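One structure is given here, and the rest of the page talks about it.
The values are calculated or read from the model by the stated rules, or taken from the named source; none is laboratory data. Computed from a prediction, not measured in an experiment: that's the story for all the values here. Positions of Cβ are generated from backbone atoms using ideal geometry, with glycine treated the same way; all protein chains shown enter the neighbour counts. Remember, those area values only see protein heavy atoms, side chains included, never the ligands or the DNA or RNA. Shrake-Rupley method; radii C 1.70, N 1.55, O 1.52, S 1.80 Å.
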Amino acid sequence: LFGHEKGAFTGADVDRLGRFELASGGTIFLDEVGEPPMSVQVKLLRVLQERVVTRLGTTEDIPVDFRLLCATNRLLEEAVAKGAFRKDLFYRINVFPIPLAPLRERKEEIIPLALHFLQRIGQNLGSKVKQLSAKAEKVLLHHSWPGNIRELHNAIERAVVVERGSSIKADSLP
């Protein structure tokens, strides 16, 4: 996240910009922001408050200007109450929350998302698989998706890899 200077540690043979420096002038997305240990949360808070980073191996503060987007599958208010997430960091990142229900509560989005993934994965892999069979759609709609969109993406990717025809069949899904 914060980069390092050449010689900061064994193997650091070049200066490396951190993600915040790379995002300066744009947007940085922190996925699973509720997971870092307290030691990293302190560093994130400093970057958000002071808009500077310090690369490993130096004491120089580097100004950064970015827009921050975060995602988490945890209820951060509960994590704050349990002492597992810093309250000050929570208030820094909770400026404009957009709650999103789990995929199992948004059944109408499953097939369009699956088709999107199918098209994208098919292009990347050079696959001839282009559609979902009716039975495959039924399987997708009846699954509870505890892993949400990542699980759906992986299911479609697996099906594209194992499918031999032009349509994903139900038995090609995990």
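When Ala84 is tested against (1) within 19 Å of the chain's Cα centre (by Cα); (2) open to solvent by less than 70 Å² (accessible area, probe 1.4 Å); (3) among the hydrophobic types (A, V, I, L, M, F, W, C), only condition (1) is not met. Of the candidates Phe66, Phe90, the single residue that is open to solvent by less than 80 Å² (accessible area, probe 1.4 Å), in contact with a strand residue (DSSP E or B) (Cβ under 6 Å, 6 or more places away or on another chain) and modelled with pLDDT of 95 or more is Phe66. Taken together, Leu125, Leu152, Leu100, Leu113 contain a single residue that is under 30 Å from Leu76 (Cα atoms) and exposed (fewer than 13 other Cβ atoms within 10 Å of the Cβ), which is Leu100.
State all residues of the range 116-142 that are in contact (Cβ under 8 Å) with a residue 12 or more places away in the chain and part of a loop (DSSP other than H, G, I, E, B); if no residue qualifies, say none. Those that are in contact (Cβ under 8 Å) with a residue 12 or more places away in the chain and part of a loop (DSSP other than H, G, I, E, B): Ser127, Lys128, Val129, Lys130, Ser133.
Any idea which residue in the range 156-167 is farthest from the chain's Cα centre (by Cα), counting only those that are free of Cβ contacts under 8 Å to residues at least 24 places away in the same chain and in a helix (DSSP H, G or I)?
Start the filter on the range 156-167 by keeping residues that are free of Cβ contacts under 8 Å to residues at least 24 places away in the same chain, which leaves 158, 162, 164.
Subset that is in a helix (DSSP H, G or I): 158, 162.
Numbers: Arg158: 20, Val162: 26 Å.
Top of the filtered list is Val162.
Can you name the residue in the range 1-18 that is among the small types (Gly, Ala, Ser) and in contact with a strand residue (DSSP E or B) (Cβ under 7 Å, 6 or more places away or on another chain) and, of all such residues, is farthest from Ile62 (Cα to Cα)?
Just the residues of the range 1-18 that are among the small types (Gly, Ala, Ser), to begin with: 3, 7-8, 11-12, 18.
Applying the additional criterion that residues be in contact with a strand residue (DSSP E or B) (Cβ under 7 Å, 6 or more places away or on another chain) yields 3, 8, 12, 18.
Working: Gly3: 11, Ala8: 16, Ala12: 19, Gly18: 11 Å.
So, considering only residues that are among the small types (Gly, Ala, Ser) and in contact with a strand residue (DSSP E or B) (Cβ under 7 Å, 6 or more places away or on another chain), the one farthest from Ile62 (Cα to Cα) is Ala12.
A quick yes/no check of all residues on (1) in contact with a helix residue (DSSP H, G or I) (Cβ under 8 Å, 6 or more places away or on another chain); (2) under 29 Å from Ser24 (Cα atoms):
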position: Ile62; (1), (2): yes, yes
position: Phe66; (1), (2): yes, yes
position: Leu75; (1), (2): no, yes
position: Val95; (1), (2): no, yes
position: Pro99; (1), (2): no, yes
position: Pro102; (1), (2): yes, no
position: Ile111; (1), (2): yes, no
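Taken as a whole, the condition of being touching a helix residue (DSSP H, G or I) at 6+ places or on another chain (Cβ under 8 Å) and closer than 28 Å to Lys87 by Cβ applies to Pro36. When we screen Arg51, Arg19 for residues that are among the basic types (Lys, Arg) and under 16 Å from the mean Cα position of the chain (by Cα), the only hit is Arg19.
Pairs are defined by a Cβ separation below 7 Å, a sequence spacing of at least 6 or placement on different chains, a first member in the range 10-29 that is open to solvent by 60 Å² or more (accessible area, probe 1.4 Å), and a second member that is assigned to a loop (DSSP other than H, G, I, E, B); the pairs so defined are Asp13/Lys6; Val14/Lys6; Asp15/Glu5; Asp15/Lys6; Arg19/Leu1; Gly25/Asp65. Taken as a whole, the range 98-114 holds at least one residue that is in contact (Cβ under 8 Å) with a residue 12 or more places away in the chain and closer than 28 Å to Leu1 by Cβ.
Looking at the range 59-74, which of its residues are acidic (Asp, Glu) and in contact (Cβ under 8 Å) with a residue 24 or more places away in the chain? Give the steps one after another, and end with the answer.
Here is the first cut: in the range 59-74, the ones acidic (Asp, Glu) are 60-61, 65.
Residue satisfying the conditions is Asp65 alone.
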